[in-house]
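J.: The structure that follows is given in the form of structure tokens.
The values are calculated or read from the model by the stated rules, or taken from the named source; none is laboratory data. Since the structure is predicted, the reported quantities are computational estimates derived from the model, not experimental observations. FYI the Cβ positions are ideal-geometry reconstructions off the backbone, even for glycines, and counts take in every protein chain you see. For accessibility, only protein heavy atoms count, side chains too; no ligands or nucleic acids. Shrake-Rupley method; radii C 1.70, N 1.55, O 1.52, S 1.80 Å.
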Amino acid sequence: MDRSRLVALVVGAVLALLFVTVATSEPARIAERQPSIPWELPELELEMSVPTVPPIEGTRPEPTDTEPSQSWDVFTTMLQIAVLAVLALGLVHVLRRAWQNRPRLHWRRRVATADFEILDDVADAVVADAEAQQTALRTGAPRNAIVECWLRLESIVEAAGVAHDPALTAAEFTSRVLNRFDVDPDATSRLASLYREARFSTHPMDEAHRRAAISSLDTIHDGLRSTRMVGTT
């Protein structure tokens, strides 16, 4: 505990003790009884008639014994408010210092490290599956072969555990992950475009489309084998 926090706590404790003492005490009496006179005056019997005068409206009433008590209540209330204000300020000071001295967590650095580790796994997995991707691309009709090859790339990226942006389609997300390596972005874009054409178009696709897909896939594999990443985007 630093010095300023200790001072705030001590001041708050002293004021609280003062408040309790004042609140529970009673007003001091000046004299409990009147002084006794050692001699007695002779008793005199006088008959006097004092006329009764009705009170005049609007006159100021005589002070009563309740006025000192009311003044004491006002003083006690003001003292209570002052003590509560000081305690509140002390509490705010302690909370502010505690917030300033809170432990700092570096979440971003940990996430970035995990992200790079996952991307390394993606590069290794895609390169390890390169032969199967080439086989799928050379088997069957060009349209089906291109679709099968790209779907294998999507499944490898998903299996590696890369966080998927919900605003992107699976093809867009796979392209973005591949482009985070030292890979020719034109090759990735060309292979993704051939996949969309094969998946959603109705016009015929021939061997020229297959050769373009094989060339793009080879370029992607060459870039991944360097396993040198160009950063996060």
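J.: In region 161-179, how many are outside any helix (DSSP H, G or I) and surrounded by 18 or more Cβ atoms within 10 Å (Cβ to Cβ)? Walk me through how you get there before you give the answer.
T.: Here is the first cut: in region 161-179, the ones outside any helix (DSSP H, G or I) are 161-169, 179.
With surrounded by 18 or more Cβ atoms within 10 Å (Cβ to Cβ) added as a condition, the list becomes 162, 179.
Of the residues in region 161-179, 2 are outside any helix (DSSP H, G or I) and surrounded by 18 or more Cβ atoms within 10 Å (Cβ to Cβ).
J.: Does residue 183 qualify as being part of a helix (DSSP H, G or I), closer than 24 Å to residue 119 by Cα and β-branched (Val, Ile, Thr)?
T.: Values: part of a helix (DSSP H, G or I): no; closer than 24 Å to residue 119 by Cα: yes; β-branched (Val, Ile, Thr): yes.
Judged against the criteria, residue 183 is not a match.
Table: residues versus (1) within 30 Å of residue 226 (Cβ to Cβ); (2) modelled with pLDDT of 65 or more; (3) in a helix (DSSP H, G or I); (4) out of contact with any Gly (no Cβ under 6 Å at 6 or more places or on another chain).
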position	(1), (2), (3), (4)
64	no, no, no, yes
70	no, yes, yes, yes
76	no, yes, yes, yes
91	no, yes, yes, yes
104	no, no, no, yes
109	yes, no, yes, yes
114	yes, no, yes, yes
121	yes, yes, yes, yes
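J.: Only residues that are touching a residue at least 40 places away in the same chain (Cβ under 8 Å), under 45 Å from the mean Cα position of the chain (by Cα), within 19 Å of residue 142 (Cβ to Cβ) and open to solvent by 60 Å² or more (accessible area, probe 1.4 Å): list them for region 180-228, please.
T.: 199
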